[in-house]
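The values are calculated or read from the model by the stated rules, or taken from the named source; none is laboratory data. Since we're looking at a predicted model, the values are computed, not measured. Methodologically, a virtual Cβ is constructed for each residue, glycine included, from the backbone with ideal geometry; neighbour enumeration extends over all protein chains shown. Accessible surface is based on the protein model in full, side chains and every heavy atom, while ligands, DNA and RNA are left aside. Shrake-Rupley method; radii C 1.70, N 1.55, O 1.52, S 1.80 Å.
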Amino acid sequence: MSKDTGTNAVVGSEVFPDEVVTHAYVRDVEMPHGAGTMALITLDNGLDHTRPNSFGPQGLAELDAAIDAVIDREDVAAIGLTGKPFILAAGADLTGMPRITHRRQALEIARYGHEVFGKLDDGRKPSFGFINGLALGGGLELPLNCTYRTVIASAPAVAFPECFLGILPAWGGTWLLPNLVGADRAVKIIIENALNTNRMMRGPEIQPAGLADATFEGADFLERSIDWAAQVLTGRITVERDPVDRGEAWDAAVVRGHAFVDAKLHGAAPAPVRALDIIAAAKVCTKAEGFALEDEALADLLMTDELRAGLYAFDLVQRRAKKPVGVPDKALARPVTKVGIVGAGLMASQLALLFARRLLVPVVLTDLDDERVEKGLSYVRGEVDKLAAKGRVNADLANRIKGLVTGSTDKGVYADCSFVLEAVFEEMKLKQQVFAELEGIVPPECVLATNTSSLSVSTMASKLTHPERVVGFHFFNPVAILPLLEVVRGERTDDASLATAFAVAKGLKKNAILVKDAPAFVVNRILTRFMGEVTKCLDEGTPAEVADRALLSLGLPMAPFVLLQLVGPAVALHVAETLHEAFPDRFYVSPNLQRLVAANKPGLWSWNEKGQPYLDDDTRALLDVGDAPSSEDEVRERALAAIADEVRRLLDDGVVAEPQDVDLALVLGAGWPFHLGGVTPYLDRSGVAERVTGKRFLRKGVASLPT
């Protein structure tokens, strides 16, 4: 550290060599209403809003010095703290955490953060945290350590994402929050929001949740916050907060949190449990005791492979996803001024809404008859109304989006489109027929895209006069939620069409990865191999409950047969048959899956009134199973071995550039847990990679403790 914190450990440039220092600038502000002088500290790393403020050793030291410089000044009535435009802070600098190799280093980081932030609430001066925009992790803990808080209504993201990454709020948040808003809200914000795909709160939610005392709009947020602070100091405004229930409700919230974590992770990651332990203790322990618990927990968690895997996955999402490998120069991309969607079913309607909302260009969809077209348009209108009701779009924008989406039964409406996406039934001859029709209608430079999940893009384009403008554009369902887009380059796809596809993906706010035209591409290929092995275990005689439970100890987002229910047996069977045709020795087609499809079953499970899956008598009667069951451990090992083998083959075939692209695809397209780092870090750590393929996917020390 830049400051001696009383320990022998030194955590500085050797651990955080790439720290972008967040400076702490101090200026005196004369408050109105005779309230005196406020020493206003502004955090600013000197970069624009795309590079948020963060706290590394040097940044903490600067903030420490800034607080020390004003806290004992007799002419200062209060301390204020805010950030550069649109940003308070995004929390701790994560870049150096993988370089921490000793627990004492981790402990020092925890203690120093507490020491600096804690000065804002040590009784020497009233302090005001002005949350002027994004505030995540330590960026939220900083104002929580203040006496009072205001928030700007337009704040886009306020949250504690730590448990999502594999740590916990350890600069006061885990103790302070329940003591401010109660255990129930604290469990929701620290645990449930983080594990629900890292849900963020927005500005209008902050004061009702108890995290802020006042909310202000607009460009004069800081001036209004200072005026409000002056009125608090002069007694014109009395800040009232809801009393915290320290009775049975506190204990019930912790119990609920444990049940939630168990259902989500099944013991696969330690951070949320440690956070719940501190929330439980915060009911009776002092602040000093609570902060000490946070110190010890962070020191332990920073030494786990789960944390390093989480940071590895976070880096993929934050960096690699924004700069996909192998993409042609963006200058080659052609403008997209009108989009066509072939089809008006559920997937096509979701896509029409996405294109209209994100690109704000006309979108036209077609189908075989007026009834289907109107059903698709009604879906779009209904979803826009839902967005408006939730405040996600205002009335003017809602009307604009609705007006942008039209429909027809005549494909001639595509004559002036610059990007047309087909979303018809997954059958090669049908898709070839659609593209043949489109080629005679659309302009010469229009990109023809297919949302196929498993079919060959090259074969689809092979009968066209201009196959170079055909590109795969594979979305994942639900389209509005899953951020991955597999962009597939066919054998003859040209750079301009590919660059246009990636530009469109960026406009849609999707994370696109470039994949080679290979059966089922990346996500579906891996998941189908995995599902095939689990289903084979069922067919051999493994009880369905055992086979479905076997992978839960990894903390996967859902069990295999629950995933089957979501995807649908017919879709799963189609992809399995497609891959079996390509690789008959590796991809298994289950006779029992065929029976489920023939019987029009929605999946293997039925659901009781408690939302728990069970095998009903009708479905059980359909199944024809053997007498060679596997144990949970055996099912898990077989499934992981199949995944490792397929990932290796996929990489050897050049379907994607590197293992990082496989991990990114599974994190973004299948919800693979951050604490696993995707899939390849776990296969390396567990030894499965070397046992099955003879070598690791990543070098030692990547996404795991250095060795």
**Q.** Rounded percent of accessible protein surface that carbon and sulfur make up, the range 464-617, 1.4 Å probe
**A.** 54
Q. For the chain, what is the relative contact order in percent, using Cα pairs closer than 8 Å and at least 6 residues apart in sequence?
A. 10
Q) Per residue, what accessible area does the range 407-472 have, given a 1.4 Å probe and all protein chains present, in Å²? A) 38
Q: Sort H574, H474 by accessible area with a 1.4 Å probe, largest first.
A: H574, H474
Q: Roll a 1.4 angstrom probe over the protein heavy atoms and tell me the percent of accessible area of the range 211-289 that is carbon or sulfur.
A: 53
Q.
I'd like the accessible area for D28, computed on protein heavy atoms only with a 1.4 Å probe and all protein chains in place. Round to 10 Å², please.
A. 80
Q: Whenever you get a sec, line up K429, K287, K188 from highest to lowest accessible area (probe 1.4 Å, protein heavy atoms).
A: K429, K188, K287
(Q) Between D585 and S408, what is the label-point separation in nm under the 7 Å Cα-to-beta-carbon projection? (A) 5.2
**Q.** Which of D44, D385 is most accessible, then next, and so on - probe 1.4 Å
**A.** D385, D44
**Q.** the range 635-707, accessible area per residue, ligands and nucleic acids excluded (1.4 Å, Å²)
**A.** 34
Q. Using a 1.4 Å probe, how large is the accessible area of D242, given in Å² and rounded to the nearest 10?
A. 110
(Q) I want to make sure I understand the PRE zone here: with the label point 7 angstrom from the Cα of D245 toward its beta carbon, which residues in the range 173-200 have backbone N atoms less than 12 Å away? (A) 182-185
Q) If the cut-off is a Cα-Cα distance under 27 Å, which lysines reach K695, setting aside same-chain residues fewer than 8 apart in sequence? A) K516, K536
Q.
Are there any GluC sites (Glu not before Pro) in the range 418-511 that are in a DSSP loop and have at most 12 other Cβ atoms within 10 Å? List them by number.
A. E427
Q: Could you provide, to the nearest whole Å², the per residue accessible area of the range 304-372 with probe 1.4 Å?
A: 45
Q: Measure out, as a whole number of angstrom, how far apart the alpha-carbon centroids of the range 599-663 and the range 173-219 sit.
A: 37
(Q) Taking each pair of distinct Cα atoms in the chain once, what is the resulting Kirkwood hydrodynamic radius in Å? (A) 27.6
Q. Rounded to a whole number, what % of the accessible area of the range 49-136 do carbon and sulfur atoms account for, probe 1.4 Å?
A. 54
(Q) How much length would be gained if the chain were fully extended between E223 and E577, taking 0.36 nm per residue of separation minus their Cα-Cα distance, in nm to one decimal? (A) 121.0 nm
